[in-house]
Amino acid sequence: MATKRPYLKRLNTSFRNPLLELAWTAADNAVSGFAAPTNRELENLRRKSDPLADDCIRALHLKPGTDSLKALDDYVSQPVEEQASAAPRKFMEQVTTTPLWVDPELMKQGQKLFWKYVVLIYIILTDYGLPMGFTAGRATDILSCTNYFSSVKGAFQRLFETGKFVTDIMNGPEALTPLTASGWKSAIRVRLLHTQVRLRILAEAEKRPDLYSVEELGVPINQEDMLGTLCDFSIGVVSLLKKMQVNLSPSEITAYLHFWRFIGYLLGIDDEYCRKLITEAGAGAVAGAILNHLVDPSASSVVTAHNLLEALAFTPPLFWPTGAHLAVTRSLLGDRVSDSIQLPPSKWYWRLFTTCSIAVTRWILCSTIFLEQRINLAMKYGPPGMDYYVRRIWAKDALHKPATCDFVFKFLPHLASQESDDT
C-alpha cells in the first residue's frame, strides 16, 4: 500500500525548486502523452528488482572481492554444455546488444553537453542530487545497510566511485562499446554490484525478518530507486542548469536525456519507464511522481546527508570547505527540505562566496570563446584526471593500502536493530 506524504505539496510551495515545479506541471497536463506514474505503479516498482542480473549472480556464486565482470566473461567463455545455468549467457546477450533506438549522434552530443558544463554539473550532482535523494527515507534506509554513507570515509569512497563511473561513461563516443570500452565495463560492474548487494540484504532479511521488511521498504535497490537516481542524473541536471540561468537548446536537452536513457538500459532499469525520460516534460512527470512517493526523511537521511557534506570538504575538483557546500545545498534544496534533514543554516559569507563562484563559473562555461577546444580538452583530460585522484589522493584504509575504484563488492551489507544503529 502506498505511503501517503500529504505535506509534499505544501513543501512545493515553500521554496522554488524547478524540478518539482516542472514535475507538477507535466503531471497535471500529461504533456507529450506520458502521464506520471501513479503511486500504485511506483509501489509495484518497489517490489521489482533486476531479474536478469539476479539470476546471473546466483549462477556465478561470486565471493566478496571478486571481479564480477571477469567472472561473467570466464563463465560464458566455457562450452555451453559445461554451463550449469543459461542466466549468465542471457545477461551477457542483453548488455552487449545495442537497442535499435540508440542514436550515436545524440549519444555524442549528450556527452559533449556534460563536458561543456562539467563543473556546474558536478555541483548539481553532489550538492543537490545526492542530498535530495537522501530525503527518500525508505531508499536511504536500504542504503545504510551497505555501510556507504554510514561514515564520512564511506561517503568519501562512494563519491569517488560515482565520479569514476560518470567520467568513464562520458569518455568519448567509444566509451560504451560493448566488451572493450571502459565506460561499458563500469556500467556493467555497477549493475552487478547492485545485484550482489540486493541479494545479500535479502538473504540477511530472511534470517532476521524483524530487522528488514520487504513489505515496508521494498526490494533493496529496486526499480523505483534506480529510476529515481537516473532522474537525478538526467532531468535533475537539466532543471538545475536552467535554475543557474544556463540556456540549453531543445536539441541539447534531447541529446542529454537520450544518453541517460541508454545508461538506464545498461543498468537494468525497465525501458518502459526509461523511454518516458526522452522529453523534458515526460522526464519531469516521472521525477515528480517519484519525489511525491518517496520524500519522507528518516533518521538515516540525516546521518547520510551530514556525512556527505563532510566528505565533500576540500576534495577535488573544487576543494571547497564544508560551509561552501552547505550554502549551495540549502540554496538548491530550499530551507524546508534542508531543515527536514537537519542541515544547519549557512553563513552569509559562504552564501556570497558560492554565489559569486557559480556566477563566474557559469560565465566562463557559457562563453563561446574557444568553446569546442575547451570541450575537447575536458573530454581528453577529465577521465585521466579522475583516475589520478583515485590513485593518488584517495584516503588509505587501516592497512595503509591505497583504495581502489573497481566497483567490486567489498562491503558486506549489515542489518542491525534500531538501538544499535542509534548507538
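A few remarks follow.
- Residue satisfying all of: in the stretch 376-394; modelled with pLDDT under 70 and loosely packed, with under 14 Cβ neighbours inside 10 Å; nearest to residue 174 (Cα to Cα) among these: 391
- Residue selected from the stretch 171-196 under the condition of a type in the set (Ser, Thr, Tyr) and not in a helix (DSSP H, G or I), by the criterion nearest to the chain's Cα centre (by Cα): 177
- Residue count for the stretch 310-340, restricted to those that are farther than 19 Å from residue 239 by Cα, touching a Pro at 6+ places or on another chain (Cβ under 9 Å), surrounded by fewer than 22 Cβ atoms within 10 Å (Cβ to Cβ) and in contact (Cβ under 8 Å) with a residue 24 or more places away in the chain: 1.
- Residues in the stretch 141-170 that are modelled with pLDDT under 80, hydroxyl-bearing (Ser, Thr, Tyr) and assigned to a helix (DSSP H, G or I): 1 in all.
A quick yes/no check of all residues on (1) touching a residue at least 12 places away in the same chain (Cβ under 8 Å); (2) buried (at least 20 other Cβ atoms within 10 Å of the Cβ); (3) not aliphatic (A, V, I, L, M):
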position	(1), (2), (3)
153	yes, no, yes
157	yes, yes, yes
160	yes, yes, yes
167	yes, yes, yes
171	yes, yes, yes
177	no, no, yes
181	no, no, no
188	yes, yes, no
193	yes, yes, no
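- Test: residue in the stretch 44-56 that is surrounded by fewer than 19 Cβ atoms within 10 Å (Cβ to Cβ) and closer than 30 Å to residue 246 by Cα: no
Each row is one residue, and each column tells you yes or no for (1) surrounded by 24 or more Cβ atoms within 10 Å (Cβ to Cβ); (2) assigned to a loop (DSSP other than H, G, I, E, B); (3) free of Cβ contacts under 8 Å to residues at least 12 places away in the same chain.
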| residue | (1), (2), (3) |
| --- | --- |
| 198 | no, no, no |
| 219 | no, yes, no |
| 231 | yes, no, no |
| 252 | no, no, no |
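- Top-ranked residue in the stretch 258-294 [being among the charged types (D, E, K, R) and in a helix (DSSP H, G or I); ranked as farthest from residue 221 (Cα to Cα)]: 280
- Residue 243 vs. criteria surrounded by fewer than 18 Cβ atoms within 10 Å (Cβ to Cβ), within 30 Å of residue 334 (Cβ to Cβ) and at pLDDT below 90: yes
- Looking at 40, 58, 89, just one residue is more than 15 Å from residue 284 (Cβ to Cβ), out of contact with any helix residue (DSSP H, G or I) (no Cβ under 9 Å at 6 or more places or on another chain), at pLDDT 75 or above and not in a loop (DSSP other than H, G, I, E, B), and that residue is 40.
- Against the list (1) surrounded by fewer than 21 Cβ atoms within 10 Å (Cβ to Cβ); (2) hydroxyl-bearing (Ser, Thr, Tyr); (3) closer than 30 Å to residue 245 by Cβ, the condition residue 85 fails is (3).
- Within the stretch 120-138, residues that are small (Gly, Ala, Ser) have Cβ atoms under 6 Å from residues that are crowded, with 24+ Cβ neighbours inside 10 Å and assigned to a helix (DSSP H, G or I) in these pairs: 129/236; 137/301, counting only partners at least 6 apart in sequence or on another chain.
- Of the listed requirements (1) over 16 Å from the mean Cα position of the chain (by Cα); (2) hydroxyl-bearing (Ser, Thr, Tyr); (3) modelled with pLDDT of 90 or more, residue 298 misses just one: (3).
- Residues in the stretch 292-307 that are crowded, with 24+ Cβ neighbours inside 10 Å and not polar (S, T, N, Q) were compared, and the one that is farthest from residue 163 (Cα to Cα) is 293.
- Annotation: residue 206 fulfils all but one of (1) without any contact (Cβ under 8 Å) to a residue 40 or more places away in the chain; (2) within 15 Å of the chain's Cα centre (by Cα); the unmet one is (2).
The values are calculated or read from the model by the stated rules, or taken from the named source; none is laboratory data. Keep in mind that this is a model prediction, so the values were computed, not measured. When we count neighbours, we look across all protein chains shown, and the Cβ atoms used for this are built from the backbone with ideal geometry, even at glycine.
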